[in-house]
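Novice: Have a look at the structure that comes next, please.
Values in this text are rule-based calculations from the coordinates and carry no lab data. Fair warning: this is a prediction, and the values are worked out from it, not measured in the lab. Glycine also receives a Cβ, built like all others from the backbone with ideal geometry; neighbour counts cover every protein chain displayed.
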Amino acid sequence: MALDKPVPLTAEGKVMLEEELNHLLEVRRPEVADRIQQAKLDGDISESGEYEDAKNEQAWLEGRIRTLEYRIQHAQIIEGPQGDTIGLGSKVQIQDADGDTYDWMIVGSAEASPRLSRISNESPVGQALMGRKKGETVRVNAPGGMEEFKILKVG
């Protein structure tokens, strides 16, 4: 039997996944089931685009539910950074060569969301920052080429 891989999550990230799971189970799953039922009632399902679309949505939904259940079941809560070294749970401020600054929280891939300023420890920038300290400069091989970032703050 293969060992299940722990899923690093912040406490807040685990709550967000649990809320999403509850929404999918209590709201979206019944909505999709109703769409499928309605499409069946509308007639010949072999030619029904609505039926096919609803079945595809149901397949995606069930896959997402299984993914969320796995992540929640195997969650390993990140306690936050230890000291001034960047690790999972660290909040960092970095500056690029153009002087633009970015504030990020380093999280596991299960809760990474750039729009929420959360980057994965497995992303190129996240990997480069892990184990580093304020004042250091990291080089990242980005899609547009090599980039340098100076670490301004670690919290």
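Novice: If I take every Cα pair under 8 Å that is 6 or more residues apart in the stretch 91-154, average their sequence separation and divide by the length, what percent do I get for the relative contact order?
Specialist: That works out to 35 percent.
Novice: Here is a further query. As a check on your grasp of the helix formula, calculate [θ] at 222 nm for the chain: sum -39500 (n - 2.57) over DSSP H runs of n ≥ 4, divide by the residue count, round to the nearest 500.
Specialist: Details: 4 runs with 57 residues, N = 155.
The per-residue figure over the chain is -12000 deg cm²/dmol.
Novice: A further question on this structure: Give me the net charge for the shell around Glu111: Cβ to Cβ below 13 angstrom, other residues only, Lys and Arg +1, Asp and Glu -1.
Specialist: My count for the surroundings of Glu111 gives -1.
Novice: Turning to a different aspect of this structure: Between helix 11-23 and the chain, what is the angle of the helix's C-alpha long axis to the longest principal axis, kept within 0 to 90° and rounded to the nearest 10?
Specialist: Rounded to the nearest ten degrees, it is 10.
Novice: Skipping prolines and chain starts, which residues have an amide H placed within reach, meaning under 5 Å, of the one on Gly87, given they are 5 or more residues away or on another chain?
Specialist: Amide H neighbours of Gly87: Gly131.
Novice: By how many degrees, 0 to 90 and rounded to 10, does the Cα axis of helix 29-41 deviate from the longest principal axis of the chain?
Specialist: The answer is roughly 30 degrees.
Novice: Rg and Dmax of the chain, Cα atoms, in Å?
Specialist: Both quantities, over Cα of the chain: 21.0, 67 Å.
Novice: Treating cross-link reach as a plain straight distance, find the lysines whose alpha-carbon is under 19 Å from the alpha-carbon of Lys5, omitting any fewer than eight places away in the same chain.
Specialist: Result set, ordered by chain and number: Lys14.
Novice: Here is a further query. List the residues, sorted by chain then number, that are 5 or more residues from Leu9 or on another chain and whose placed amide H is less than 5 Å from its amide H.
Specialist: Gln76, Ile77, Ile78
Novice: How high is the relative contact order of the chain, in percent, with contacts defined as C-alpha pairs under 8 Å that are six or more residues apart?
Specialist: Relative CO of the chain lands at 22 percent.
Novice: Follow-up. What ranking do Thr137, Thr10 get, fewest neighbouring Cβ atoms within 10 angstrom at the top?
Specialist: Going from sparsest to densest Cβ surroundings: Thr137, Thr10.
Novice: Going Cα to Cα from Lys134, which lysines come in below 19 Å? Please leave out same-chain ones fewer than 8 positions away.
Specialist: Output for Lys134: Lys91, Lys150, Lys153.
Novice: Taking every Cα atom in the stretch 1-40, find the radius of gyration and the maximum pairwise distance Dmax, and write them in Å.
Specialist: When restricted to Cα atoms, the stretch 1-40 yields Rg and Dmax of 15.6, 43 Å.
Novice: Could you work out the per residue convex hull volume over the alpha carbons of the stretch 7-77, in cubic angstrom?
Specialist: 67 Å³
Novice: If Lys and Arg each add +1 and Asp and Glu each add -1, what is the summed charge of the other residues whose beta carbon sits under 12 Å from the beta carbon of Leu17?
Specialist: On the way: positive: Lys14, Arg64, Arg71; negative: Glu12, Glu18, Glu19, Glu20, Glu69, Glu111.
Net of charged neighbours comes to -3.
Novice: Per the Kirkwood definition applied to all pairs of different Cα atoms, how many angstroms is the hydrodynamic radius of the stretch 91-154?
Specialist: Taking every pair of different Cα atoms in the stretch 91-154, averaging 1/r and inverting gives 11.7 Å.
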